[in-house]
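The values are calculated or read from the model by the stated rules, or taken from the named source; none is laboratory data. Predicted model only: the values in this text are computed from it and were never measured. Because the Cβ atoms are built from the backbone with ideal geometry, glycine has one as well, and the counts that use them run over all protein chains shown. The protein model used for the area step is the full one, side chains on, heavy atoms only, and it has no ligands, DNA or RNA in it. Shrake-Rupley method; radii C 1.70, N 1.55, O 1.52, S 1.80 Å.
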Amino acid sequence: VKLVECGGGLVQPGGYLRFSCAASGSIFSISAMGWYRQAPGKQRELVATITVFASTNYADSVKGRFTISRDNGKNTVYLQMNSLKPEDTAVYSCNLRRGSVDAWGKGTLVTVSS
């Protein structure tokens, strides 16, 4: 499985970005997907996850601002990020999990700064 993220960049506080993560292979629709982030000098943390049945879970720090979604027809998971804050600055990576498969994208940098 190969994951390719798109959508990072520089955005001002209060702005928005939308990530996408496209997966190769045939197990996307039966896999849990997630977005994680790692800020400079900090450990990687969970941002949001979405199950096969589209149930979602969010870190408290992003609830109400971020939305994770998936399109099984396109093998793609999305992360809509609104009301961005400087503390959202990090490298964001998508993750796919299914049984023994635990795949990661290379990550995309988001910088929230004026």
Please enumerate, by chain and number, the lysines with C-alpha under 22 Å from the C-alpha of Lys2, excluding those fewer than 8 residues away in the same chain.
Lys74, Lys106
Work out from phi, with θ = phi - 60° and the Karplus expression 6.51 cos²θ - 1.76 cosθ + 1.60, the ³J(HN,Hα) of each residue of the stretch 41-57, listed in order in whole Hz, and give x for Gly and Pro.
x, 10, 7, 5, 10, 6, 9, 7, 9, 9, 7, 4, 8, 6, 6, 10, 9
For Asp71, solvent-accessible area (1.4 Å; no DNA, RNA or ligand), Å²
50 Å²
Are there cysteines in the chain with no second cysteine's Cβ under 4.7 Å away, and if so, which?
Cys6
Where does the Debye-calculated log10 I(q)/I(0) of the chain sit at q = 0.16, 0.19, 0.20 Å⁻¹, using only Cα point scatterers of equal weight, no solvent?
-0.66, -0.92, -1.02
For Cα pairs less than 8 Å apart in space and 6+ apart in sequence, what is the mean separation divided by the residue count of the chain, i.e. the relative contact order in percent?
37 percent
